[in-house]
Every structure is written in C-alpha cells, then in structure tokens.
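The values are calculated or read from the model by the stated rules, or taken from the named source; none is laboratory data. All values derive from a computational prediction rather than experimental measurement. Note that each Cβ is placed from the backbone with ideal geometry, even for glycine, and that neighbours are counted across all protein chains shown. For accessibility, only protein heavy atoms count, side chains too; no ligands or nucleic acids. Shrake-Rupley method; radii C 1.70, N 1.55, O 1.52, S 1.80 Å.
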Amino acid sequence: MSASDLFRTPILMDLASKLNLEPHLGNLGVIPIRAAGSQPSLFFLPTGLGDCSYAVKLISEMDIDCPVYAVPWPDFNELCPPTLEEMASQAGGVFMDIQPSGPYRLARYSSGGILAYAIAQHLLRLGETVSCVALIDVAVPVNGSTMSPKIVNHLVLERLESLEDERFGELERFAEKSSISQLLEKAQQIGALPSNRDLRDDAVMYRKVARFHAALQGYEHQSLPVAIHQFYATEICRPRGARAKSSIGPEVTSPFRGWDRVLSSASIHTVPVPGDHLTIMSIPENCKCLALSLSIALSNSEKNGKRDTGWEL
C-alpha cells in the first residue's frame, strides 16, 4: 500500500500523490506540510469541498517558523452523520495528539472556516489556549437561512464555471432535476470532466460535502472570548447563470462577513486581500499578498500568546 492510499478522501489522496507527502505516523489522515519549527503548530482545515490543497499554496509563500499540518474531515458515519460539534471534537483530538497543549493556531478557507470556529470553541472548553483563528473569506450564514436541496449540485457547477456559456447552461438546466451522480456523468459526457476520471470517488466526496453542509446548517454560533482574523476578498465573486440573479447580502459584501453578528467588532481583525473569493487563491499575486498578511497575523499571535494565560468558558 502506498502512502497516498492511507488518506481518507480522494482530494487528500490526490494532493499527497502530487506532492509526495507522507501521512503523519500517528494520524494517517493528516498531512504534515512542514515538519519542524520553533513556534506552535499551524493547523489548516479543508474547505467546504474537503480540499486542503490551498494550504500548500499558501505555505510556499509564507514566512513562518512552525510545523504545519493539513487536517482532513473525520470519517462520516453513513447512518448517523456527525454534527459540527462532533466534527470539532474529533479534529480537536487530532490537534492534541500532535501538539498536546496550546496555544493552538488554526486557519481555514471558505465555508469550511466555520468548523475552525467550532474547533476553537471545543478547545476553549477544555481550558486550552487558542491564540489565532485565521478565517480566509469566511461568511456566516444569515440566521434562519435554509440549505438548498441542490446545494451540492450548485457546488459542482461552481467548479465548472470556466466552461463556455452553452455547455454551462446545459449543465445548469440538467442540475435542477438530477442527482449528483447523474450530474457528474452528464459533465463527463459533454467533456467538462476527463473521460478517464473515476466518478465514483467524486460521488463519494460530494456525499460527504452534502453531510458537511448539513452539519453547518445545524450549528449555532456562540460568542467566544477569542479574536479572529478575517482575510476578506475585496471583490465580489458573482456566480454565473440563474444563481447570479440572487441578491448579494451583507454577509458577502461586508469586511466582517457577518461575524459581527457573533462577536464584537473589536474582536474581529479584518484584513483586505486583492481579488474575489476564488482569485485570492488562484492568482499568484493575490495569493502572495494573502500569505504575507497571514504570516504577519501569526507572528503577532505568537507575541501575544506569550503574554496570554488562556481563555476559560
């Protein structure tokens, strides 16, 4: 069995294979992106699509002196999917296996950032110190909002927005009446996905995505005695097709991204990053700017952490 076979998700298997990364010996699903350093570890968590590859891009541009780990989603029980709090508890246990005590530093991009906040809540309840919660363009859902039954189909479409209008429109119309497996097959038929791609892995991944977003829907944000860093995209990313007609709410346009409904404004350090939600990562110049800003935030958290005694809930 190769090292990449030990990873739990198709995205992590692909990432490990491309970068020749070995799994952490104690936690076979964890990727150690950087193995050593003099400062506390930095833990990156996957996006709402279960993807940790963005962390590798950032670390290559960051000026930090610490071990760095990419921590995957936990295994999903098919019959009884975990709540976000249960996922946070499992991830927190992984953190503590690698680094037995705080201060803990964690970062996450996109909708997956809400899990980072839930993990911070779990660690604080255990009496641990959380010195840095870095959220990369993470919006808080509007209170009372409901998850679209086709949310996962829409996420598939987001990954295919580079298609020309005719093929994208065909997929968008098909997505409204199809299952995720049918949509993936359709995308492959029209050439939007490689013909030799094994769609079974994608279907498994998107089923996990659906469960994760359902867990997000059931999570109630509580105000924590912790400061967060919100690295927000300065441009609005407008989806294509029918979804572009939906209104853009304040949780997308405000630098706070809705976190001022959860925490005091003084507890939210907003840092602008050039680009939109996608291009802050995909355009090298924007990614370098984000990496520099994140490096500064981590350096400051290390200085402040030496003065802190930790929070208690």
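Assorted remarks:
- Residue, nearest to VAL133 (Cα to Cα), within segment 87-107, restricted to residues that are free of Cβ contacts under 8 Å to residues at least 60 places away in the same chain and touching a Pro at 6+ places or on another chain (Cβ under 8 Å): ALA91
- Count of segment 166-206 residues, restricted to those that are in contact (Cβ under 8 Å) with a residue 60 or more places away in the chain and either touching a Gly at 6+ places or on another chain (Cβ under 8 Å) or open to solvent by 20 Å² or more (accessible area, probe 1.4 Å) (or both), is 6.
- Residue in segment 80-97 that is of a type outside the set (Ser, Thr, Tyr), at pLDDT 90 or above and more than 21 Å from ALA215 (Cα to Cα) present: yes
- Complete set of residues in segment 253-264 that are surrounded by fewer than 18 Cβ atoms within 10 Å (Cβ to Cβ) and farther than 15 Å from LEU224 by Cβ: THR253, SER254, PRO255
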